[in-house]
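Student: Below is the structure I would like to discuss, written out as structure tokens.
The values are calculated or read from the model by the stated rules, or taken from the named source; none is laboratory data. As the structure is a computational prediction, the values presented were derived from the model and not from experiment. Note: ideal-geometry Cβ built from the backbone for every residue, glycine included; neighbour counts use all protein chains shown. Protein only, heavy atoms only, side chains kept; ligands, DNA and RNA dropped before computing areas. Shrake-Rupley method; radii C 1.70, N 1.55, O 1.52, S 1.80 Å.
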Amino acid sequence: MPSFILGEDDRMVNTLSHLGIGLLIASVAGFNRRQIKIVAFMSILPDLDFILNALFLAIDGHLDHQMYNGLYYMMGHREFMHSLIFALIVTFYIWYREKDRMLTIASGAAIFSHIYLDYVTSWKMRPFFPFIKETSTIGAIDFFDPMVTVISFIPLYYILAGRVRESKNNGVLNGNNISSQVNGHISAFFQGNGSWLTGISKGEHRSLYRKMLVIFVIWCAFNPLAKAVLISDIERAEGHDISYQDSYPILPGIFLSAYEFNDTTYRILTFSYWSGVEKEGFVEKCYCDNASSEPYIQRTQFLYSSSLPGEVDYPVYNVSNYGSNVTVVLSDARNPFAQYWAYFKTEYIFVFDTASENYEVYVKRDVHYSKPMPKGMFE
């Protein structure tokens with residue numbers, strides 16, 4: 001087993017960060033209260049696909065394979081509502097409703113910033129769906145990159161401070177209800193007409209926001225280029241091609257990657273901007289009891305390749321026999337090196353009945369198993 005484990009619990013560029021960037025865009029544009037709310041809502045709109053995803057999970061057990069895949073593309077989390085065509089549809093709708101050029105541009109920038117931030121972190125997406133159905137990611141910035149986090153939370157801080165100040169001036173905030181007031185400030189952002197809201201786009205902070213927005217754009221454009229240069233250096237040092245997309249940031253400035261070392265082994269390594277390759281290890285491609293395992297591995301390969309989202313890049317198979325069942329555990333070679341990894345499932349467990357064509361599939365994360373996955377997920 002590998003001697004090091006990296007990563008933390010599942011994370012992503014959270015909704016508050018997206019909201020903060022939306023407020024940043026609105027503040028630079030100098031909008032009124034209503035316009036600020038529209039732009040802020042656009043910045044978090046893609047994450048509302050969790051509603052569609054919940055509906056999909058409620059019916060996925062009743063779908064055949066073709067219908068499962070079709071609805072997954074449209075209703076899955078970080079699928080259609082995280083695509084550029086969805087962003088364009090929403091932007092055109094804003095223009096149709098508002099006939100305001102600056103508001104339309106700011107709204108489009110807000111929703112695009114959400115999609116790009118998700119895409120530039122460690123999360124496979126289909127931003128070019130339906131034209132390109134394959135998943136991809138830039139994977140150049142850690143989920144809680146310090147620069148992005150600080151920049152996105154500064155507008156939220158000023159809104160929170162302004163809301164507290166307004167509540168205090170109105171005599172609403174007191175020692176008995178401070179906690180409940182603070183918890184309601186962000187949700188109250190989309191309600192009411194307090195002066196604290198327009199305060200973010202007028203006055204002393206607007207110049208600061210312009211500079212922050214410029215830094216944010218430069219930072220988001222610079223990191224993918226920096227990652228390309230780093231991987232080129234690692235390729236020369238290793239003497240092997242390193243996949244850009246399959247190299248994921250596990251901490252700020254530190255990436256986890258792998259490549260096929262030989263016919264039976266993957267080489268796993270972490271590397272960073274400041275020290276190159278830091279840690280390394282090897283993982284066998286297959287742990288099998290006997291040669292009779294090959295048909296079940298091939299069947300697992302076929303079934304998994306037909307499923308969505310299909311996030312395993314470096315498949316490892318562990319085959320075992322239990323009575324009349326053959327169990328094939330499919331995982332990614334990098335999983336043991338990043339125990340908690342956003343989006344990536346730890347293991348897929350295929351249980352085949354040797355006396356029939358029947359099978360069941362489970363997902364295991366840590367020590368917890370899911371109920372059997374819907375058969376429509378597989379062809």
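Student: Across the stretch 228-268, what is the total count of residues that are β-branched (Val, Ile, Thr), under 20 Å from residue 285 (Cα atoms) and touching a residue at least 40 places away in the same chain (Cβ under 8 Å)? Spell out the reasoning first.
Tutor: Here is the first cut: in the stretch 228-268, the ones β-branched (Val, Ile, Thr) are 229, 231, 234, 242, 250, 254, 264-265, 268.
From what's left, under 20 Å from residue 285 (Cα atoms): 242, 264-265, 268.
Retained after the next criterion (residues that are touching a residue at least 40 places away in the same chain (Cβ under 8 Å)): 268.
Qualifying residue count for the region: 1.
Student: Note down all Cβ pairs under 6 Å where the first residue falls in the stretch 54-67 and is in a helix (DSSP H, G or I), the second is at pLDDT 90 or above, and they're at least six residues apart or on different chains.
Tutor: From residues that are in a helix (DSSP H, G or I), the pairs are 56/71; 56/75.
Student: Separate question: Of the numbered conditions (1) closer than 30 Å to residue 373 by Cα; (2) open to solvent by 40 Å² or more (accessible area, probe 1.4 Å); (3) aromatic (Phe, Trp, Tyr), residue 72 fails exactly one; give the number of that condition.
Tutor: Of (1) closer than 30 Å to residue 373 by Cα; (2) open to solvent by 40 Å² or more (accessible area, probe 1.4 Å); (3) aromatic (Phe, Trp, Tyr), only one is false for residue 72: (2).
Student: Step by step: first the residues of the stretch 281-339, then only those that are of a type in the set (Phe, Trp, Tyr) and touching an Asp or Glu at 6+ places or on another chain (Cβ under 9 Å), then the one that is surrounded by the fewest Cβ atoms within 10 Å (Cβ to Cβ). Which residue is that? Before the answer, list the steps.
Tutor: Here is the first cut: in the stretch 281-339, the residues of a type in the set (Phe, Trp, Tyr) are 282, 287, 296, 302, 304, 314, 317, 322, 337.
Narrowing further to those that are touching an Asp or Glu at 6+ places or on another chain (Cβ under 9 Å): 302, 314.
Details: 302: 11, 314: 19.
The extreme case among them is 302.
Student: Okay, next question. Checking residue 243 against (1) at negative phi; (2) touching a helix residue (DSSP H, G or I) at 6+ places or on another chain (Cβ under 7 Å); (3) open to solvent by 10 Å² or more (accessible area, probe 1.4 Å), which test does it fail?
Tutor: Condition (2) is where residue 243 drops out.
Student: Across the stretch 132-155, which residue is surrounded by the most Cβ atoms within 10 Å (Cβ to Cβ) among those that are without any contact (Cβ under 8 Å) to a residue 24 or more places away in the chain and more than 23 Å from residue 24 (Cα to Cα)?
Tutor: Here is the first cut: in the stretch 132-155, the ones without any contact (Cβ under 8 Å) to a residue 24 or more places away in the chain are 132, 134, 150.
Imposing the further condition that a residue be more than 23 Å from residue 24 (Cα to Cα) reduces the set to 132, 134.
Numbers: 132: 11, 134: 9.
For the stretch 132-155, the residue satisfying everything is 132.
Student: Does residue 41 qualify as being part of a helix (DSSP H, G or I), under 24 Å from residue 217 (Cβ atoms), hydrophobic (A, V, I, L, M, F, W, C) and open to solvent by 60 Å² or more (accessible area, probe 1.4 Å)? So that I can check it myself, show each step before the final result.
Tutor: Details: part of a helix (DSSP H, G or I): yes; under 24 Å from residue 217 (Cβ atoms): yes; hydrophobic (A, V, I, L, M, F, W, C): yes; open to solvent by 60 Å² or more (accessible area, probe 1.4 Å): yes.
Here the answer is yes, as residue 41 does meet what is asked.
Student: Run down 277, 214 and say which single residue is assigned to a helix (DSSP H, G or I) and without any contact (Cβ under 8 Å) to a residue 60 or more places away in the chain. Full working, then the answer.
Tutor: Working: 277 fails: assigned to a helix (DSSP H, G or I).
Result: 214 is the single residue among 277, 214 that is assigned to a helix (DSSP H, G or I) and without any contact (Cβ under 8 Å) to a residue 60 or more places away in the chain.
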